[in-house]
Structure formats: structure tokens, C-alpha cells
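K.L.:
Dumping the structure here so I can ask a few things about it.
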């Protein structure tokens with residue numbers, strides 16, 4: 001793999017804000033921060049296509065006291081068994097549980113799984129995070 005150098009022009013204010021952001025995140029150099037921004041943009045646009053192979057996590061928080069919710073969530077997960085690689089269940093306190101599902105597959109299928117799980121009646125909060133493997 002070859003590396004290509006190129007220049008960009010930014011006004012002083014934008015560059016200063018960018019430098020503060022990359023320092024806060026711990027980047028060693030601007031180049032790595034810009035590479036991450038480009039990768040993030042590519043993931044977002046490929047995600048929107050719906051057919052690319054993606055990986056990610058679905059995180060949900062819910063009360064296990066909500067009648068039939070644990071069974072509903074398990075049923076939804078079984079319906080998407082080909083996209084769910086792994087799951088972790090954490091008892092946060094007497095009432096609340098956290099589930100983190102590692103997902104892999106076509107972005108449209110992952111989105112459908114996330115929508116059903118996060119939208120299940122009784123789920124307090126949910127979030128889908130996506131990425132992909134870059135060569």
C-alpha cells in the first residue's frame with residue numbers, strides 16, 4: 001500500500017478548533033485524525049447503501065420487571081440470529097438490565113434488528129453503533 005501526501009487549506013479558527021479536538025482525543029498527529037474522519041465518513045455513506053457488510057453493537061437498557069419484555073427481546077434476537085454474533089447481559093441493579101449485542105451482516109438487516117430491539121415496548125434506551133473492517 002502506498003501513501004499519498006496532499007495539502008488542505010483551513011482558516012485559522014477552524015484549524016485551531018481541530019487541533020484542540022485532536023489533542024483532547026489523544027491523536028499524535030493531524031494525519032491520523034483526518035484518516036479517522038475520512039473512515040467515519042465512508043462508513044456512514046456505505047451504511048446508507050444498505051447492502052454492505054458491516055459490524056457493530058446494539059446496546060439496550062430495560063427493566064426486567066416489564067411484563068414479557070425479556071421474552072420479547074429474546075424472540076427478536078432469535079429472529080435475527082444470522083446477524084447477531086454475540087450478546088452480553090449485565091444486571092445493572094435490582095431493576096435494570098443492559099444488553100450489548102455484537103452484530104455483523106448487511107447494514108439493512110442490522111438496522112432492522114436494532115429498530116425492533118430499541119423500539120420494543122419497555123426498552124428505556126438503545127443505541128446502534130456501526131463500523132466496518134478496512135483493508
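Nothing in this text is a laboratory measurement; each read-out follows from the coordinates by a stated rule. Keep in mind that what you see is a predicted model, and the values were worked out from it rather than measured. As a convention, Cβ positions derive from the backbone with ideal geometry for all residues, glycine included, and neighbour counts pool all protein chains shown.
K.L.:
Could you tell me which of rounded, prolate or oblate describes the stretch 1-63, using a ≥ b ≥ c as the square roots of the eigenvalues of the alpha-carbon gyration tensor, with rounded for a/c under 1.5 and, failing that, prolate when a/b is larger than b/c and oblate otherwise? Could you put the intermediate results ahead of the total?
P.N.:
On the way: a/c = 2.44, a/b = 1.50, b/c = 1.63.
Oblate.
K.L.:
Go ahead and set up a Gaussian network model of the chain, Cα springs under 10 Å, then flag whichever of 66, 20, 106 fluctuates most.
P.N.:
Of the options given, 20 has the highest mean-square fluctuation.
K.L.:
Right, here's the next one. What number, in percent, do you get for the relative contact order of the chain if the mean sequence gap of Cα pairs under 8 Å and at least 6 apart is divided by its residue count?
P.N.:
Working: 170 pairs, mean separation 41.9, N = 135.
Normalised by residue count, the contact order of the chain is 31 percent.
K.L.:
Among (i) 7.7; (ii) 14.4; (iii) 11.3, find the value of mean projected area of the Cα convex hull in nm² that was calculated from the structure presented, and write down its label.
P.N.:
Checking each listed value against the structure points to (iii).
K.L.:
Note the full-extension length gain between residue 67 and residue 30 as 0.36 nm times their separation in residues minus their Cα-Cα distance, in nm to one decimal. If you can, show how the numbers build up before the last one.
P.N.:
Values: separation 37, 0.36 × 37 = 13.32 nm, distance 5.09 nm.
Gain on stretching residue 67 to residue 30: 8.2 nm.
K.L.:
Rounded to the nearest 0.05, what FRET efficiency is calculated for residue 89 and residue 131 with R0 set to 22 Å and r the Cβ-Cβ distance? Show your work: numbers first, answer last.
P.N.:
Working: r = 23 Å, r/R0 = 1.03.
It comes out at approximately 0.45.
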